[in-house]
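Chemist: I'd like to ask you about the structure that follows.
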Amino acid sequence: MAVALGALEFAIRAIIRTNSNWVCDLVPPYVSARLWLAGINPYDTSISLKTWYASGASLADSGMAFSVGSVYPPPTLLLMVPLATLRWHPAFYLFMATGLLLYAAVVYMLVRLGWPEHQSLSSLLHDTKATLFLAFCLGFAPVHTAFHSVNIVLVACCAAILALLITAKSTAPLNKLTRASRSGSLPGILAGAGVAAAILIKPTTGIFLLPWLVRERRWRCLIGVIVACTVVTALSLAPMLAHQGLTWLPTYRQNVTALFTHGGNADVSAENPENTDRIDLQMIAFAALGDRTLASAAAAAVYLCLMAAFLRRAGWRKRSELASDSLGLPMLIAAGCLTLGLLPSYSRMYSAIVLLPLVLWCFRHLHLRSARWLMLLLLDFLVNTSALVRICGQKAGLISHSPRLWDLTIGGHTCWLLLAIGCLLVYAVYQQTADDELRSVPISPATS
């Protein structure tokens, strides 16, 4: 029943709502990629709308183009080329199909990794925890929001999650020989490709997996990611520099300024009526400090402190001295790096898709107090409470009465929730390492 209800909610909130004349975040990168292919400034907003209509979009689609000023960097545009070569409607449906396939792959791998003993769906559905986890994935609000807004963060998040799941799936007994050889194996290559794709598609999603690669000592994979990102960046910039020089850079900066300041859709200030849709710490930091630069610095400082504490706690013991359960400390470290990455930079509800590996860890470790507390907080993401609270606050007139106080308290509740999750992750690592050590101690036979 839970899975059926989750599937129904997914169908309604993620799929049916997609083409409901709502904001379509796919438009800016799609249009920019078409302009890039034509050798024209991809950030020129004066021709963006005309380019979109020329690709087959009609006046009926115009409500979907909330903004056609792209802020996606050139490497993202290069990866968008397969869609940009198509007309708008085929490209739109291809993206949706790709998103569905990638998310299905993510859910499948999460379930297979969490409950490998079940070889069939009927067997899986008889496992209460597995069934509830599957229902959770289907009812996960960030995924619904990503599909509804048709944002490419869906692909970036799925690529990042698949990268760490492929790594976890291929985990072998850890010694220096296997660690060195595994980083160059097919799973290592696929994991590196996933991390690189996440970085290139949505830098603020994929880049936060780099601490995980460093901590796991996957040097070849890390080098491969850096090389791949460098090559793609060079290939994307080469034609722009050859045909336009740096004339595109001022318009790119203008688009960034328009988006992140003076009431733009990503602005943290109350000038933006939807600023509380942001779930990163910059939003509540700005409400407290009143300065965008200080807010960015404060969010970055909190992230660095939490990440340092998280990795330091995880590094108290060598991995080879711990139990080799891929769902234990290795999964928690990877999930924690993705989760903490939501704190310092621009993140909205759809960015929280990366919480799913942490949800799996919680389901498999409910015997730990930290997992139970984390699970309680993660339940909030079954509903898009950020949007719900904002709508209620606007109707009740509470936001207009004291906008900064609203942003700092009720409006920014998801930011505080993620901060609490970040703090709990440090405690979770402590409990996980203690649990692994306990499991690794051999039980001596009782003497008579």
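The values are calculated or read from the model by the stated rules, or taken from the named source; none is laboratory data. None of the values given here were measured: they were computed from a predicted structure. Neighbour counts run over all protein chains shown; Cβ positions are idealised from the backbone, glycine included.
Chemist: Starting from the range 191-211, keep only residues that are closer than 14 Å to I161 by Cβ, then list their pairs with residues that are outside any helix (DSSP H, G or I) and at pLDDT 90 or above whose Cβ atoms are within a distance under 6 Å, requiring at least 6 positions of separation or different chains.
Modeler: Note: pairs meeting the criteria are I201/I152; F208/G341.
Chemist: Return a yes/no flag: does the range 430-441 have any residue that is charged (D, E, K, R), within 30 Å of V150 (Cβ to Cβ) and either in a helix (DSSP H, G or I) or modelled with pLDDT under 90 (or both). Spell out how you get there, then give the answer.
Modeler: Kept after step one, since they are charged (D, E, K, R), are these residues of the range 430-441: 435-437, 439.
Now restrict to residues that are within 30 Å of V150 (Cβ to Cβ): none.
The answer is no, given that none of the residues of the range 430-441 is charged (D, E, K, R), within 30 Å of V150 (Cβ to Cβ) and either in a helix (DSSP H, G or I) or modelled with pLDDT under 90 (or both).
Chemist: Does any residue of the range 298-305 turn out to be more than 30 Å from R215 (Cα to Cα) and either exposed (fewer than 15 other Cβ atoms within 10 Å of the Cβ) or of a type in the set (D, E, K, R) (or both)?
Modeler: For the range 298-305, residues more than 30 Å from R215 (Cα to Cα) and either exposed (fewer than 15 other Cβ atoms within 10 Å of the Cβ) or of a type in the set (D, E, K, R) (or both): absent.
Chemist: Would you call A104 assigned to a helix (DSSP H, G or I), free of Cβ contacts under 8 Å to residues at least 60 places away in the same chain, on the phi < 0 side of the Ramachandran plot and among the small types (G, A, S)? Give the derivation first.
Modeler: On the way: assigned to a helix (DSSP H, G or I): yes; free of Cβ contacts under 8 Å to residues at least 60 places away in the same chain: yes; on the phi < 0 side of the Ramachandran plot: yes; among the small types (G, A, S): yes.
It is true that A104 is assigned to a helix (DSSP H, G or I), free of Cβ contacts under 8 Å to residues at least 60 places away in the same chain, on the phi < 0 side of the Ramachandran plot and among the small types (G, A, S).
Chemist: Check L374, L424 and return the single one that is in a helix (DSSP H, G or I), hydrophobic (A, V, I, L, M, F, W, C) and within 30 Å of D291 (Cα to Cα). Before the answer, list the steps.
Modeler: Working: L374 fails: within 30 Å of D291 (Cα to Cα).
When all the criteria are applied, what remains is L424.
Chemist: Then there's this: List pairs: first residue in the range 326-339 and closer than 13 Å to R215 by Cβ and touching a residue at least 60 places away in the same chain (Cβ under 8 Å), second residue of a type in the set (A, V, I, L, M, F, W, C) and not in a helix (DSSP H, G or I) anywhere in the structure, Cβ distance under 7 angstrom, at least six positions apart or on different chains.
Modeler: L329/L322
Each row is one residue, and each column tells you yes or no for (1) farther than 20 Å from G6 by Cβ; (2) of a type in the set (S, T, N, Q); (3) crowded, with 24+ Cβ neighbours inside 10 Å; (4) out of contact with any Ser or Thr (no Cβ under 7 Å at 6 or more places or on another chain).
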{"residue": "G336", "(1), (2), (3), (4)": "yes, no, yes, yes"}
{"residue": "Y346", "(1), (2), (3), (4)": "yes, no, no, no"}
{"residue": "I353", "(1), (2), (3), (4)": "no, no, yes, yes"}
{"residue": "V359", "(1), (2), (3), (4)": "no, no, no, yes"}
{"residue": "M375", "(1), (2), (3), (4)": "no, no, no, yes"}
{"residue": "L388", "(1), (2), (3), (4)": "no, no, no, yes"}
{"residue": "K395", "(1), (2), (3), (4)": "yes, no, no, yes"}
{"residue": "S400", "(1), (2), (3), (4)": "yes, yes, no, yes"}
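Chemist: Next up: Within the range 342-361, does at least one residue satisfy the condition of being of a type in the set (G, A, S), at pLDDT below 90 and under 26 Å from S149 (Cα atoms)?
Modeler: Kept after step one, since they are of a type in the set (G, A, S), are these residues of the range 342-361: 345, 347, 351-352.
Filter once more, keeping what is at pLDDT below 90: none.
No, there is no match, as no residue in the range 342-361 is of a type in the set (G, A, S), at pLDDT below 90 and under 26 Å from S149 (Cα atoms).
Chemist: Would you mind telling me which numbered condition in (1) part of a helix (DSSP H, G or I); (2) at pLDDT 90 or above; (3) farther than 12 Å from R278 by Cα I410 fails?
Modeler: (1)
Chemist: Condition test on A135, is it small (G, A, S), touching a residue at least 60 places away in the same chain (Cβ under 8 Å) and part of a helix (DSSP H, G or I)? So that I can check it myself, show each step before the final result.
Modeler: On the way: small (G, A, S): yes; touching a residue at least 60 places away in the same chain (Cβ under 8 Å): yes; part of a helix (DSSP H, G or I): yes.
Yes.
Chemist: Name the single residue that is farthest from F208 (Cα to Cα) among those in the range 160-179 being modelled with pLDDT of 85 or more and small (G, A, S).
Modeler: Here the residue is A163.
Chemist: Checking the condition surrounded by fewer than 20 Cβ atoms within 10 Å (Cβ to Cβ) and more than 17 Å from the chain's Cα centre (by Cα), which residue from L86, L77, L100 passes?
Modeler: The unique qualifying residue is L86.
Chemist: Looking at the range 401-427 only, could you name the residues that are within 26 Å of W361 (Cβ to Cβ) and among the polar types (S, T, N, Q)?
Modeler: The one that is within 26 Å of W361 (Cβ to Cβ) and among the polar types (S, T, N, Q): T414.
Chemist: Take the conditions hydrophobic (A, V, I, L, M, F, W, C), surrounded by fewer than 16 Cβ atoms within 10 Å (Cβ to Cβ), at pLDDT 90 or above and more than 30 Å from L164 (Cα to Cα) and apply them to A60. Does it pass? So that I can check it myself, show each step before the final result.
Modeler: Working: hydrophobic (A, V, I, L, M, F, W, C): yes; surrounded by fewer than 16 Cβ atoms within 10 Å (Cβ to Cβ): yes; at pLDDT 90 or above: no; more than 30 Å from L164 (Cα to Cα): yes.
Answer is no for this residue.
Chemist: Could you tell me which numbered condition A287 fails, if it satisfies all but one of (1) more than 18 Å from V214 (Cβ to Cβ); (2) in a loop (DSSP other than H, G, I, E, B); (3) at pLDDT below 95?
Modeler: All conditions pass for A287, except number (2).
So that you can scan it fast, the table gives a plain yes or no per residue for (1) within 30 Å of G39 (Cα to Cα); (2) part of a helix (DSSP H, G or I):
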{"residue": "G188", "(1), (2)": "no, yes"}
{"residue": "F208", "(1), (2)": "no, yes"}
{"residue": "C229", "(1), (2)": "yes, yes"}
{"residue": "V232", "(1), (2)": "yes, yes"}
{"residue": "M240", "(1), (2)": "yes, yes"}
{"residue": "T251", "(1), (2)": "yes, yes"}
{"residue": "V256", "(1), (2)": "yes, yes"}
{"residue": "H262", "(1), (2)": "no, no"}
{"residue": "N272", "(1), (2)": "no, no"}
